[in-house]
Amino acid sequence: MSDNAAPHVLPPLPYAENALDPVISSNTIGYHYGKHHKGYVDALNKLLVDTELAELTLEELIADTAGKSDKVAIFNNAAQLWNHTFYWHSLRPQGGGEPSAGLKQIIDASFGNLDACKKQLETAAMSQFGSGWAWLVLEADTLKVVKTGNAGTPLTKGVKPLLTIDVWEHAYYLDYQNRRADYVKAVLDKLINWEFAADNLG
Ligand code: FE2
């Protein structure tokens, strides 16, 4: 993923806006990518005008502003820019199914089997109170499922993100209204991009 300094840009979607239909409609993607994701980019660039933080790459910016009470707005917009780009890549048309052998081996070693891994992602997504994210991450040699609230990102927690599911209401409300569980299950069964997770394993 691109990681340049300011002005930050909205990275292209890795597929057409209607490519995830009917699990996620083009209407949802239109607002989510075209308005929300773009909104974070625009807000971040405004906040960085005439600051030395404008020299930092996006990942450096997130690391530099995390946990700083006077940099909350910059952190939130920078992390949301990064999280959303990562989310689009965590999905793909005709996703779901079985991971490749290498990834499956570490999933089995970490969770027992793929279903148990998916179940933990579902539970994290459902138990995140309010807005946030469910993540599959690599910590040392083990996979774990974690959740973050609002703009929180595992990038700042010493683990390597492999996949994410956005559980902000803007990710599903147009298609699923209050049925977050239906959205999460459909994403895991039909869109989740195990190839992206395998690539992130390195
Ligand atoms: Fe979102």
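The values are calculated or read from the model by the stated rules, or taken from the named source; none is laboratory data. Just so you know, these numbers come straight off a predicted model, no measurement behind them. Here Cβ is always computed from backbone atoms with ideal geometry, including for glycine, and neighbour counts include all displayed protein chains.
Taking the stated definitions as given, is Phe86 assigned to a helix (DSSP H, G or I), touching a strand residue (DSSP E or B) at 6+ places or on another chain (Cβ under 8 Å) and closer than 27 Å to Gly158 by Cβ? Write out each step before concluding.
Working: assigned to a helix (DSSP H, G or I): yes; touching a strand residue (DSSP E or B) at 6+ places or on another chain (Cβ under 8 Å): yes; closer than 27 Å to Gly158 by Cβ: yes.
Yes; evaluated as a whole, the condition is true for this residue.
Note on region 132-180: enclosed strands (runs of 3 or more DSSP E) holding 3 or more residues that are surrounded by 18 or more Cβ atoms within 10 Å (Cβ to Cβ) and within 16 Å of the ligand (Cβ to nearest atom) are 132-139, 160-166. When Asp42, Asp70, Asp50 are checked against the criterion of being out of contact with any Cys (no Cβ under 6 Å at 6 or more places or on another chain) and not in a helix (DSSP H, G or I), Asp50 stands alone in meeting it.
Report yes if Asn83 is surrounded by fewer than 21 Cβ atoms within 10 Å (Cβ to Cβ), within 16 Å of the ligand (Cβ to nearest atom), closer than 30 Å to Asp182 by Cα and under 19 Å from the mean Cα position of the chain (by Cα), otherwise no. It is false that Asn83 is surrounded by fewer than 21 Cβ atoms within 10 Å (Cβ to Cβ), within 16 Å of the ligand (Cβ to nearest atom), closer than 30 Å to Asp182 by Cα and under 19 Å from the mean Cα position of the chain (by Cα). Whenever a residue of region 52-70 is not assigned by TED's automatic domain parsing to the domain that holds Leu155, its partners that are hydroxyl-bearing (Ser, Thr, Tyr), lying with C-beta atoms within less than 8 angstrom and at least six residues away or across chains, give the pairs Leu53/Thr65; Ile62/Thr153; Ile62/Thr156; Ala63/Thr156; Ala66/Thr156; Gly67/Thr156. With respect to the conditions (1) more than 14 Å from the ligand (Cβ to nearest atom); (2) loosely packed, with under 14 Cβ neighbours inside 10 Å; (3) on the phi < 0 side of the Ramachandran plot, Leu44 falls short on a single one, namely (2). Among the conditions (1) closer than 30 Å to Ala5 by Cβ; (2) within 16 Å of the ligand (Cβ to nearest atom), Ala54 misses just one, which is (2). For region 13-38, a residue qualifies if it is within 15 Å of the ligand (Cβ to nearest atom), in contact (Cβ under 8 Å) with a residue 24 or more places away in the chain and within 18 Å of Tyr176 (Cβ to Cβ), and the qualifying residues are Leu20, Ile24, Ser25, Asn27, Thr28, Tyr31, His32, Tyr33, His36.
Return a yes/no flag: does region 86-103 have any residue that is closer than 23 Å to Thr142 by Cβ, away from the ligand (no atom under 16 Å from the Cβ) and either free of Cβ contacts under 8 Å to residues at least 24 places away in the same chain or among the hydrophobic types (A, V, I, L, M, F, W, C) (or both). For region 86-103, residues closer than 23 Å to Thr142 by Cβ, away from the ligand (no atom under 16 Å from the Cβ) and either free of Cβ contacts under 8 Å to residues at least 24 places away in the same chain or among the hydrophobic types (A, V, I, L, M, F, W, C) (or both): present. Considering only region 109-130, I want to know if a residue exists there that is within 24 Å of Thr65 (Cβ to Cβ) and within 16 Å of the ligand (Cβ to nearest atom). Yes; the residues of region 109-130 include at least one that is within 24 Å of Thr65 (Cβ to Cβ) and within 16 Å of the ligand (Cβ to nearest atom). Scanning region 88-131 for residues that are within 23 Å of His37 (Cβ to Cβ) and surrounded by 20 or more Cβ atoms within 10 Å (Cβ to Cβ) yields Trp88, His89, Ser90, Leu91, Leu121, Ala124, Ala125, Gln128.
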